[in-house]
Every structure is written in structure tokens, then in C-alpha cells.
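Nothing in this text is a laboratory measurement; each read-out follows from the coordinates by a stated rule. Please read these numbers as outputs of a predicted model, since none were measured by experiment. Counting neighbours? That spans all protein chains shown, and the Cβs are built from the backbone with ideal geometry, glycine included.
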């Protein structure tokens with residue numbers, strides 16, 4: 001038996017946490033990553049360590065359960081890991097989302113890599129309706145990938161999801177609004193399963209409706225590094241008085257830059273790290289309203 005940095009850090013965290021190994025095991029099971037108390041004990045002593053993708057995802061959940069910083073444990077594991085995969089990004093209540101995914105037989109693990117994310121957004125003149133067309137290029141990370149779970153932030157607290165439509169290489173499976181988490185969960189089922197390394201370009205559309213003036217932003221969750229992210233936003237009616245592009249990590253605004261107002265604006269980012277990427281607009285003369293702060 002060889003103690004490792006991982007086993008020592010996990011043993012310390014478990015010793016300082018009030019929950020027993022059995023209780024931690026039960027919490028992991030509820031999050032869709034079942035792990036026995038015996039396995040947890042082996043991990044704390046160095047008798048074994050996480051190796052499979054599912055086990056490494058369980059380590060990310062352990063960090064959350066034990067109140068540790070992201071990467072505190074995962075960064076000590078050798079070889080490729082999903083330590084940069086952060087499903088909590090832009091989700092107000094991750095546990096609530098995990099309850100839904102478990103009930104639906106889904107999970108929030110990283111099964112494919114998004115190489116390109118393109119958001120084509122159409123805003124109504126009264127700023128109460130948003131149609132969001134998503135074009136994404138994915139590469140399979142697992143031996144077989146059949147679907148991808150998307151979490152789309154609500155554009156406003158009062159917005160209702162009117163419709164979700166598959167446009168290319170996919171169909172729409174389960175759809176559920178998770179109110180306490182502020183997101184819509186959308187299962188995108190691929191037309192055919194992908195083998196590891198295969199590429200697929202999928203396209204789907206979401207239509208949101210809220211009261212006039214209630215939609216003042218488009219938000220894109222990026223739970224891991226992405227090759228490129230593009231927003232192309234068209235405003236019907238009056239051009240907004242001000243537009244800004246904002247990047248947020250864990251509630252901290254990393255960048256807040258002005259965008260030249262126009263009928264259609266484009267925002268392009270490459271080698272995009274994890275975080276929330278938002279484009280916000282401000283109309284001072286009747287349509288829309290000032291930014292409310294982060295969702």
C-alpha cells in the first residue's frame with residue numbers, strides 16, 4: 001500500500017468533514033456517480049485510486065461534497081483527467097440538476113469535447129422573445145456517445161421556453177426546466193452513436209418568451225476549454241444604446257468590454273477557458289432595461 005498526494009488529501013478532507021464514508025457514498029449515488037464506502041476507504045489509504053472516467057467524475061463530486069476547491073483532488077491524479085470539466089458553471093443549484101439527470105437516466109459527465117460553439121440569436125423588437133440557434137462541433141471522448149446533455153441558462157427569470165427543435169444530426173430527447181438552477185435541461189440525441197474520436201456537427205434551436213423588455217442578455221455556459229465561441233446577435237427594431245461582452249468565473253468578472261452597437265453584432269473568442277460568457281444590451285428609451293447583474 002502506497003500513500004499518494006491524492007490519498008493523503010482525501011483522507012484529510014474526510015477526517016475534517018462530519019459525514020461518514022457511508023453518508024458520502026450515499027450522496028455520490030444520488031449524484032449519479034455511485035461509489036461504495038469500501039472504495040472510498042481504499043482511496044484514502046492509497047490501496048487503490050481513481051482510474052476510470054466515471055471514477056474521476058466522482059472525484060469532482062467529492063470536491064463539492066467535502067467543500068474543497070475545484071481541482072484540489074483531481075489535479076493530483078496522474079494522466080488525463082476531467083479536472084477542467086466544471087458542470088456547476090452558470091448553474092445556481094447543481095444538486096437539483098443532478099437529481100433531474102439521475103431521474104431521467106442521464107448524467108453531466110464529459111463524454112464529448114466541444115470544439116466550436118456558435119450562437120445565432122434573434123431578438124424581437126420589444127425584447128420579449130429570443131430565438132437561439134446553436135451550432136456545435138463535438139468530438140467523442142468515450143467509446144460510444146449517444147447523446148449530449150445541454151444546460152441552457154434562462155435569459156430572464158420570467159422567460160418561458162416555448163419550443164426546442166432539432167435542426168441537424170440530432171433529435172431532441174428529454175427537456176425540463178430546472179427552476180431553482182436557472183437552466184433548461186435539453187437532451188440532444190445524436191442521429192447515430194459516435195465512437196471515440198469521431199466528429200459530429202449538431203444544430204438545434206430554442207425559443208424563449210417573456211414580458212416586453214425582460215430579455216437583456218444571452219448567456220453561454222462554457223464548463224471546459226473550447227476552441228472557439230461565436231455570438232451573432234440580430235436585434236429587430238431599434239438598435240440598443242449600449243452592448244457589452246462579459247466573461248465571469250465563479251462570480252468574478254474577468255472581462256467587461258464594450259461592443260459597438262449595430263443591428264447585428266458579432267463577438268468572437270478563441271481558446272476559450274471555462275466560465276460564463278454573456279452579451280448584454282441596454283436600451284434607455286423604452287425597449288429593454290438596464291442590466292440586472294449576473295443570473
Using only the alpha-carbon atoms of region 5-76 as identical scatterers, what base-10 log of I(q)/I(0) does the Debye formula give at q = 0.13, 0.22, 0.23, 0.27 Å⁻¹? -0.29, -0.93, -1.04, -1.58
Here are several values of Cα extents along the principal axes in Å: [x] 61, 41, 39; [y] 52, 43, 32; [z] 68, 40, 32. Which one was derived from the coordinates shown? [z]
By how many nm would the segment from residue 16 to residue 239 grow when fully extended, if each residue of separation counts as 0.36 nm and the alpha-carbon distance is taken off? 74.8 nm
Theoretical FRET efficiency, 1/(1+(r/R0)^6), r = Cβ-Cβ of residue 48 and residue 113, R0 35 Å, to 0.05: 0.80
Extension gain residue 139-residue 102, at 0.36 nm per residue separation less the Cα-Cα distance, in nm? 10.9 nm
Do you know the relative contact order of region 28-73, to the nearest whole percent, from alpha carbon pairs under 8 angstrom that are 6+ apart? 31
Could I have the simple spin-label model distance between residue 255 and residue 93, label points 7 Å from Cα toward Cβ, reported in nm to one decimal? 3.3
Given an 8 Å cut-off on Cα distances and at least 6 residues of separation, report the relative contact order of the chain as a percent. 17
For 187, 133, ascending order of other Cβ atoms within 10 Å (fewest first) is 133, 187
What is the fewest-to-most order of 127, 195, 49, 88 by other Cβ atoms lying within 10 Å of their Cβ? 195, 49, 88, 127
Computed lengthening from residue 230 to residue 69, 0.36 nm per intervening residue step minus Cα-Cα distance: 55.0 nm
Taking neighbour counts of Cβ atoms within 10 Å as a proxy for exposure, in what order, fewest first, do 130, 150 appear? 150, 130
